[in-house]
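Since every read-out is calculated from the coordinates, none of them should be taken as a lab result. Keep in mind the model is a prediction, meaning the values are calculated, not measured. Quick reminder, even Gly has a Cβ in these numbers, built from the backbone with ideal geometry, and neighbours come from all protein chains shown.
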């Protein structure tokens, strides 16, 4: 459901007051998304995974027990990466579901019917009308 003009004006005033009173918070809120934290942790997990894998291979020359400990770290980081990739996927699914709900149509079928109608209208030639 779209906001009315009055609601949009009030929201704009609130945003301006926030920017004036606390510009750092306004910048932080404006740059943060649902994906920010999961992406940051996912990047660090991948970085750690690569380092632990390299260390595990290099530790094979020293001791098989040290290499096994390195393998356990690699395994733990793989689980860490999988869980954050799953959270990232869940956040994306939640955002898509919310977008469908806010579309104004009641069901997924209505959403795709509207999309196909819009596509047909775009592709229709002027002489067809």
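Cβ-to-Cβ counts within 10 Å put 38, 63 in ascending order as 63, 38, the fewest first. Here the gap between residue 40 and residue 9, fully extended at 0.36 nm per residue and compared with their Cα-Cα distance, gives a gain of 7.7 nm.
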